[in-house]
Structures are given as structure tokens and as C-alpha cells.
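This report refers to the structure that appears directly beneath it.
The values are calculated or read from the model by the stated rules, or taken from the named source; none is laboratory data. Everything numeric here is computed off the predicted structure, so don't read it as measured data. Cβ placement follows ideal geometry from the backbone for every residue including glycine, while neighbour counts extend to all protein chains displayed. What goes into the accessible areas is simple: the full protein's heavy atoms, side chains included, and nothing from ligands, DNA or RNA. Shrake-Rupley method; radii C 1.70, N 1.55, O 1.52, S 1.80 Å.
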Amino acid sequence: MAAGYSGYYLCRSNFSVALPMLIQEMGARGIPANRATVELGAIASWGVLAYALGKFPSGWIADFLGGRRNFLYGMAGSILFTIVFALGGGIPIFTLAWFGNRLVQSLGWAGMVKITSRWFSYSSYGTVMGLISLSFLFGDAASRQFMAILIAHGLGWRGVFFAAAAVLGVLLLLNLIFLREAPASRGLPEPDANPANLFHAKQPKDLRALLETFASSPVFWLVCLISVGLTLMRETFNVWTPTYFSQALGLSNADAAQKSALFPLFGGISVILAGFLSDRIGSKGRALIILIGLVLTSGVLLTLALLSTTGSTDLRVWLVALVAFLMLGPYSFFAGAIALDFGGKQGSATASGWIDGLSYLGGVMAGSSMANVTVNWGWRGTFAVLATVALLSSGAAWIYLNSTSKERN
């Protein structure tokens, strides 16, 4: 399952890695770089919107029909739309293919959360979801390194897309053969869910019962709000890091792709550490880690905004990696361990889908909105906006920490 979700990122990070080459290709057709950046940023926004919209039904589909189906259908659809994108020749086809790709990819994470709720005990949710989250972080890092090698050997962006689809096809076959929905398929008992989940071991009758339970919880909505800010920041770095390294730091396309892998790599280290600590500190520990991470992230982003554009290249690369270390550990809690805490076995995928869905609606701004900020105010302006988002999210995290403390008392 973890290997399969890593493969999802071959067909998601490919757009980010290809952006500098797509901007250059559009420039060769006479389209100015600023216009190309905004148009391609709009495609990224449409993709995030599709991902957000798909998150809402993907959760309850997994809860009522099973996580394995979600997971496999998402992989198959992503392969198809990646090939369509590679065969396209202009903005309309690119937009349609990327929208479709992100829409079907929304099935994957909810499927994983549902399967995890059936296989693992609530006492290890933080550690388990931290390890499973490595699939999208180390998977993203490995994908970018793999594509950097392809680019360094002269492969164009279309070749990169075809290669990504081929590798994901192999992983789809492996998951089709080996992935199982629940321990019962191996003759094993299921572990306990969190007794403090919102359903208290009652099986909801339908989707309405699921949604009413979540909608009546103020803490659930607060969690969604914090996740919006973190998702906007994460999506901005996911989409634009290679372009930032290429345009602002003067790196080659291959070097920009390779160094962009530091973001998910350091994020993976953060996720392991955050998950391990949260299981030992408890539910209040998750809230505390989120608050500390957001406060420190706002400081690093402000530093990037204030640095001279002629400053050290290495320093700015490592500051981007530090943002990942401080931010992605807390980010991984929301649609993972916290969703499992809220939903238990009965509604874990739905909780994850709604948290992620609302978050990615905010993440839509990572594409066209951030492209416009960059075109009009430069990369320093972009980092200043992100620093503000981190600081505001810190305020919400402070309220969440206090709410968690009151619940424990």
C-alpha cells in the first residue's frame, strides 16, 4: 500500500517538475514567461480544486464500499489521465487531463486511511500514520529524483510523463495482487478503535448520520481551518519549488528537480518524529506539535521573504528544506491520525475526506493566486504571503491546543 501511494506521486509531482520546461516550451512558441507562468498556475489550481471536490465523496465511498477499491481505481485513473496529458499539445487538453488526474487521485488517501483503521490499533495511530505518510513524502522525493535523472539524460517532459505512468502501472499490478482490505482476509482479528471517537462504536446508518456527527463538533471545524493554512503552504511548495529554484536561483531544470526533492525528504523525517512523539505525549501532544511547528515555520518563511535575491543559493535551498521539516510533520496529523481519532473504524475515511477536501479548497490558491503574487511581487512577496498564512494558522492552533486541554480535563 505504501509503495502504491508513493507511485501516485510519480503522476502528481511530474507537473511540478515539468513546469520550468513547459514555461520554456511556451516561450519558444512566443508566449511570454509571465503569461505562461500564470496560465500553468491556473492549471495547477484547477487540479487542486478537482482534488478537493473529489475528497468529499471519496471518504464515504471508502467507509461504505471499502478502501481497497478506492485505492486501486485511483491508481488506474491516474495512469490514464497522465498519458492523456502527455499526448496533449495545449492549455485546454492540459487543463482537462490535470483536472481528471487530480480528481481520481483523491480516491487514494481515503482508501489508505480506511484500510489503516482496520489493520492497526488506535494506540499506534500517530506512529502508523507517520510511517504511512512517508509514502507521499519519500515517494515524492524519490519521484523527483527519478525524474531529475531522466531529465539529465535528455528526456523531455512528455517522456517523463510516460515513464511515470509506466512505473505506476507496475505498482497497480502489485497492489491488485497483494493488497487486502482487512485482517479478516488473513484470518486475523481486528484491533481496537479509539474509544473516544465521535461515534463511540456505533455504526452510522448512512452518509447523513456520518456528516451530522462531524458537523456538530466545533473542534472538528477548527481542525479543518488549521489544515486549510497548512495545505495552502504545502501545495505552494509542491507546485512551485522547482520553478523557484530555476528562476530565482538559476539552477538547471535537472538540478531544480533534484533539489526540490529535499522538501518532501525533510518532511518525511519530520513526520516520523512528530508521529513518534505524539503517541507518547497523547492527543494534547499533537496540538502542541502543530502549534510549535506553525510558529517556527512563520519565522523561516519571513526569513526567506527578507533575504536578498542575490543571497546564497545553498542557504535558500536549505531554508526551503527547513520549512518542510517544521511544517509537514504537523500537516500529516490532520487527514491521518486526527481523522482516525475523530472517526474510528466507522467514519475514519469520511473524516479524512472532509478535512482534506476543505483544506484543498484553500489550497486552490497555491496555483493561479500564487502565480499572480510571484509575477507582481516576486518570490519574496510569495514568501511574505505564506509567512502571514502560517502566523494566522498559529493563532487557530493555539485555540485548538486550549480546546484539547479542556477536553482532557
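Taking the chain as a Gaussian network, where each spring joins two C-alpha atoms under 10 Å apart, which residue of G381, G74, G187 fluctuates the most?
Looking only at G381, G74, G187, the largest GNM fluctuation is found for G187.
Mind checking the full-extension length gain between F64 and V375? Use 0.36 nm per residue of separation minus the Cα-Cα distance, one decimal, nm.
Extra length available between F64 and V375 comes to 107.4 nm.
Quick one: compute the contact order of the range 1-108, relative version, from alpha carbon pairs under 8 angstrom and 6+ residues apart, as a percent.
35 percent
For the modelled label position 7 Å from the Cα of A248 along Cα-to-Cβ, which residues of the range 369-383 have backbone nitrogen atoms closer than 15 Å?
The answer is 370-383, whose backbone nitrogens lie closer than 15 Å to the label point.
If you bin every alpha carbon distance in the chain into 20 Å steps from zero, what whole percent lands in each bin?
29, 59, 12, 0
Pairs on different chains or at least eight residues apart, Cα atoms closer than 17 Å: how many lysine pairs in the chain fit?
So the count works out to 6.
Calculate the dipole size of the chain relative to its Cα centre from +1 charges on Lys and Arg beta carbons and -1 charges on Asp and Glu beta carbons; express the result in debye to the nearest 20.
Using Cβ point charges on Lys, Arg, Asp and Glu, the chain gives about 260 debye.
Along the positive direction of the dipole of the chain (beta-carbon charges: Lys, Arg +1; Asp, Glu -1; about the Cα centre), which of A110, L87, L391 reaches farthest?
Farthest towards the positive pole: A110.
Using a 1.4 Å probe on the protein chains only, how many percent of the accessible area of the chain belongs to carbon and sulfur?
So the carbon and sulfur contribution to the accessible surface is 68 percent.
Before I look further, what does the chain give for accessible area per residue, probe 1.4 Å, in whole square angstrom?
38 Å²
Lys/Arg Cβ at +1, Asp/Glu Cβ at -1, dipole of the chain taken about the Cα centre: which of L134, F146, A184 is farthest positive-ward?
Towards the positive end, the residue furthest out is A184.
Taking the Cα-to-Cβ direction at R208 and at L96 and moving 7 Å from each Cα, how far apart do the two end points lie in nm?
3.8 nm
Please give the Cα centre distance for the range 232-251 versus the range 320-380, rounded to the nearest Å.
If we compute the Cα centre of each part, the gap is 17 Å.
In the range 16-82, which trypsin sites (Lys or Arg not before Pro) are in a loop and have at most 13 other Cβ atoms within 10 Å, using DSSP for the loop call?
Details: sites: R29, R35, K55, R68, R69; in loops: R29.
Those satisfying the criteria are R29.
So, in nm, how far is label A33 from label T388 when the simple model puts each one 7 Å beyond its Cα toward the Cβ?
Reported label-point gap for A33 and T388 is 2.6 nm.
Considering amide H positions built from the backbone, and no H for Pro or chain starts, which residues 5 or more places from G367, or on another chain, come under 5 Å of its amide H?
It is S45, by chain and number.
Extension gain S312-S124, at 0.36 nm per residue separation less the Cα-Cα distance, in nm?
63.5 nm
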